[in-house]
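For reference, the structure discussed in these notes is given below.
What follows is calculated from the coordinates using simple rules that are stated; it is not laboratory data. Being a predicted model, the structure only gives us computed values, none of them experimental. Backbone-built Cβ (ideal geometry, glycine too); neighbour counts: all protein chains shown.
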Amino acid sequence: MNNWEKMYRNGDTHWDKGEPSPGLLEWLGNASFVEGSSILVPGCGFGHDVRALARAGFKAVGLDVAPSAVFGAREQTPAGFSGVEFREGDFLKDEPFDGFDYIFEHTCFCAIDPSERDVYAASVAQWLNPDGFLLAIHYMLPPDEDGPPFGTNREEIVRRFSRRFDLITDWEPSSWEHRQGQEQMFLWSKKV
Ligand SMILES: C[S@@+](CC[C@H](N)C(=O)[O-])C[C@H]1O[C@@H](n2cnc3c(N)ncnc32)[C@H](O)[C@@H]1O
């Protein structure tokens, strides 16, 4: 059993806010995207962001390595709710079961061991369609070894992702009060 599954089984889901990320909701309110675009949310937890994306018109898939997270995400999805699917799997190790138009990153990058960050960037490229986009909210805690969450900074994000993606724009998103000023949102397109 992986450590994440142990935490879910122990009821330790302190990261779960019970609602979608404010930065994602802000983006959904302003962004233009093709209705019905597919989007993958790796490390989806209980799926609040996945359901928000589906409500906005995406065909959204949540992926999580912890079976209890997937179970909880399905359980918290009202009957008849359309446009969402939750699957158990390892974003870093599994062969993609599909290609996606978008990937939405929120608190998965900071959850994995920092030594796996280049693998993470390679996985994003692997799961995305050739003309796909990465929409990411990164937790800008000071880099440390005492995670998760493991911190990062803008310089590291740009360095790690620029090899495979072109940065369209980045900005400080709306956030929860206790995370104000600690998040940075990025929109990337996959390099051709
Ligand atoms: C800090 S939690 C965040 C969950 C959710 N994004 C949220 O904000 O509530 C990190 C999540 O990533 C999942 N996770 C960690 N490594 C993963 C991997 N390699 N593949 C898929 N999910 C992973 C964990 O099981 C956990 O649900």
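Modelled spin labels at Ala122 and Val192, positioned 7 Å past Cα toward Cβ, are 2.6 nm from each other. Amide H contacts for Phe100 (H built 1.01 Å from N in the peptide plane; partners 5 or more residues away or on another chain; cut-off under 5 Å): Leu128, Asn129. Sparsely packed loop sites in region 1-49 (the chymotrypsin sites (Phe, Trp or Tyr not before Pro) outside DSSP H, G, I, E and B with at most 16 other Cβ atoms within 10 Å) comprise Trp15. The mean sequence separation of alpha-carbon pairs under 8 Å and at least six residues apart, normalised by the residue count of region 52-126, gives a relative contact order of 30 percent. Using alpha-carbon positions, what is the distance between the centroids of region 134-192 and region 81-108, in Å? Region 134-192 and region 81-108 have Cα centres separated by 19 Å. Run lengths n ≥ 4 of DSSP H only: what is the helix-derived mean residue ellipticity at 222 nm for the chain, with -39500 (n - 2.57) per run over all residues, to the nearest 500? Calculated at 222 nm, the ellipticity per residue is -7500 deg cm²/dmol. Short-range pairs are left out: with C-alpha atoms under 8 Å and at least six residues apart, the relative contact order of region 33-174 is 20 percent. Distance between the 7 Å Cα→Cβ label points at Ile168 and Ala31: 0.7 nm. In the structure shown, the pairs Lys59/Lys190; Lys6/Lys190; Lys59/Lys93; Lys17/Lys190 are assessed against 26 Å; a Cα-Cα span above that value is assigned to Lys6/Lys190; Lys17/Lys190. Placing +1 on the Cβ of every Lys and Arg and -1 on the Cβ of every Asp and Glu, with nothing else charged, gives region 41-96 a dipole about its Cα centre of roughly 260 debye. Counted residue by residue at 0.36 nm each, then reduced by the alpha carbon distance between them, the extension gain from Asp12 to Asn129 reaches 38.6 nm. Projecting label points 7 angstrom from Cα along Cα→Cβ for Glu19 and Glu95 puts them 4.2 nm apart.
Please state the charge dipole magnitude for the chain, taken about the Cα centre, from unit charges on C-beta atoms (+1 on K and R, -1 on D and E), reported in debye and rounded to the nearest 20. Present the calculation step by step, with values, prior to reporting the outcome.
Working: 18 positive and 31 negative charges, 67 e Å.
The dipole of the chain has a size of about 320 debye.
Counting every other Cβ atom within 10 Å of each residue's Cβ, Ser82, Ser175 order from fewest to most as Ser82, Ser175. Looking at the chain, the DSSP beta bridges with both ends there are about 40 percent antiparallel.
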